[in-house]
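Notes follow the structure.
The values are calculated or read from the model by the stated rules, or taken from the named source; none is laboratory data. None of the values given here were measured: they were computed from a predicted structure. Here Cβ is always computed from backbone atoms with ideal geometry, including for glycine, and neighbour counts include all displayed protein chains. SASA here: full protein model, heavy atoms, side chains in, ligands and nucleic acids out. Shrake-Rupley method; radii C 1.70, N 1.55, O 1.52, S 1.80 Å.
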Amino acid sequence: MQHLSLKGAYGVSDILIGSGLIQRTAEECIHKFSPSRVHIVTDTHVAPLYLETIRQQFNIPVSVSTIPAGEEHKRLSTVETLYHDFLSAGLTRKDLVIAVGGGVTGDITGFAAATFLRGVSLCQIPTTLLAQVDSSVGGKTGVDLAEGKNLVGAFYQPRLVLIDPQALSTLPAGIFQDGMAEVIKYGCIQNPEILHLVSRPDFKADIDRIIYECVKIKRDIVEVDEHDTGLRMILNFGHTIGHAAEKLGNYTALTHGQAVAIGMVAAMRLSNALGAPEDLVPLLSSLLQQHGLPTELPYGKQDIFNALLSDKKKFADTMNFILVRELGKADIVPLPVSQLQEYIMTI
Ligand SMILES: NC(=O)c1ccc[n+]([C@@H]2O[C@H](COP(=O)([O-])OP(=O)(O)OC[C@H]3O[C@@H](n4cnc5c(N)ncnc54)[C@H](O)[C@@H]3O)[C@@H](O)[C@H]2O)c1
């Protein structure tokens, strides 16, 4: 088992990574929090797979909320349901909330835990690759509004994150591939060794190590910039153009991972146009394709430009792009909006 600690503004979080950790949930939670009761939040897909394994380990009262699976339920009404469930279970500020599931369950539960009684302790047990390498670490929580994704939320660190790579064995292939887009992102922005590891046909044999290397990068970045005002932006490599593509497809034509994959290749092309010494596009494209991810924009560049422009903050005359001009090194580059169209034509 690997251990990482994350020092945030309000304390230290422990992140444990190891196969079989789910079987030790109660032991780790009781050791860390000594709660009188716990409340588990999971979703309708994950509950039949892992809920009983976790629930039966506790010899203190356990209550459960099973929320409907899917991004469309990442909204305030689900959070309100959780508040009512917490109250009827008799949860107090000395107790513990455990989120078991993907990024959607983690984000909703994190926000409910951050705001219920002004904050109850939180443990995250991420069960998708994306949640294990990204969303369970770093304390961003929240929900969507009709106007857009993640518009309401809070920074609230889970004091414990239990990452069990064995949980990935039940994940549908497409959802695993989505997470691989984020894994490859970490390799591009910070540690090319990750790219080497995932290029092997038997990379799943090293999945514990791959997850550890990704989480370590996220931990290091969050410790420098917990509230996302500077360095943390490099985690958005591929996301600016990716979001524009997701939007053009009404959030249904492309999954988030597919959009990020396409966005990373586009950002790499932009890096070249702005003077990267080496053309990294073929290397990135072939790695993404090896993992079943798309690399070409399914929309016209003019449409991407229009979508980017509609996202632009009204008063900003620059737009930040994350560029990788050297493998393992990302820069935040503000590009003048007046020249945006010209730049987008290079992707
Ligand atoms: N908080 C952050 O820092 C952060 C970072 C990145 C993404 N996010 C958010 O994460 C969300 C996406 O997360 P996601 O990709 O994990 O999606 P998700 O939570 O919707 O999970 C994808 C699907 O997999 C199912 N599932 C989960 N674990 C499973 C398992 N082990 N076996 C079988 N099925 C399983 C879920 O029920 C769901 O149907 C988005 O809402 C995004 O905004 C948050």
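Roll a 1.4 Å probe over the protein chains and send me the accessible area per residue for the chain in Å².
Values: 14780 Å² over 347 residues.
Computed with neighbouring chains in place, this is 43 Å² per residue.
Give me the net charge for the shell around Lys32: Cβ to Cβ below 12 angstrom, other residues only, Lys and Arg +1, Asp and Glu -1.
Values: positive: Arg24, Arg159; negative: Asp14, Glu27, Glu28.
With Lys, Arg at +1 and Asp, Glu at -1, the neighbours total -1.
Working from the pairwise distances between different alpha carbons, so that the mean of 1/r is found and then inverted, what is the range 2-171's Kirkwood radius in Å?
So the Kirkwood estimate lands at 15.5 Å.
Considering amide H positions built from the backbone, and no H for Pro or chain starts, which residues 5 or more places from Arg37, or on another chain, come under 5 Å of its amide H?
It is Leu96, by chain and number.
Do the sum for the chain: with -39,500 (n - 2.57) for every DSSP H run of n ≥ 4, divided by all residues, what is the mean residue ellipticity at 222 nm, to the nearest 500 deg cm²/dmol? Write down the numbers at each step before the final one.
Working: 12 runs with 136 residues, N = 347.
So the calculated ellipticity at 222 nm is -12000 deg cm²/dmol.
From the Cα gyration tensor of the range 58-123, with a ≥ b ≥ c the square roots of its eigenvalues, which class applies: rounded if a/c is under 1.5, or else prolate if a/b is larger than b/c, or else oblate?
Details: a/c = 1.69, a/b = 1.47, b/c = 1.15.
Prolate, since a/c reaches 1.5 and a/b exceeds b/c.
Can you give me the distance in nm between label points at Glu223 and Thr81, each placed 7 Å from the Cα along the Cα-to-Cβ direction?
Between Glu223 and Thr81, the label points sit 3.9 nm apart.
List the residues whose amide H sits under 5 Å from the amide H of Gly238, counting only those 5 or more places along or on another chain, with H placed 1.01 Å from N in the peptide plane.
Amide H neighbours of Gly238, under 5 Å, 5+ apart: Ile322.
Loop sites only, by DSSP: take the GluC sites (Glu not before Pro) in the chain that have at most 15 other C-beta atoms within 10 Å and name the longest stretch containing none of them. Provide the component values of the computation, followed by the final result.
Values: sites that count: Glu147, Glu278, Glu296.
Of all site-free stretches, the longest is 1-146.
With a Förster radius of 30 Å, plug the Cβ-Cβ distance of Lys312 and Thr252 into 1/(1 + (r/R0)^6) and report the FRET value to the nearest 0.05. Don't skip to the end; give the middle numbers.
Numbers: r = 24 Å, r/R0 = 0.79.
Using R0 = 30 Å, I get an efficiency of 0.80.
Under 5 Å between amide H atoms, partner at least 5 residues away or on a different chain: which partners does Lys140 have, H built in plane at 1.01 Å?
Here the answer is Tyr156, since their amide H atoms fall under 5 Å of that of Lys140.
Which whole-number percentage describes the relative contact order of the chain, with Cα contacts under 8 Å and a sequence gap of 6 or more?
Once normalised by length, the contact order is 14 percent.
Over the alpha-carbon set of the chain, divide Rg by the Kirkwood Rh and report the Rg/Rh ratio to two decimals. Could you put the intermediate results ahead of the total?
Working: Rg = 20.1 Å, Rh = 20.7 Å.
Over the Cα atoms of the chain, Rg/Rh equals 0.97.
Explain nothing, just compute: Karplus ³J(HN,Hα) = 6.51 cos²θ - 1.76 cosθ + 1.60, θ = phi - 60°, for every residue of the range 148-153 in order, whole Hz, x for Gly and Pro.
My calculation for the range 148-153 gives x, 7, 6, 7, 10, x Hz in order.
Ignoring ligands, DNA and RNA, please state the percent of accessible area on the chain from carbon and sulfur, probe 1.4 Å.
Values: 7670 of 14780 Å².
Here it works out to 52 percent.
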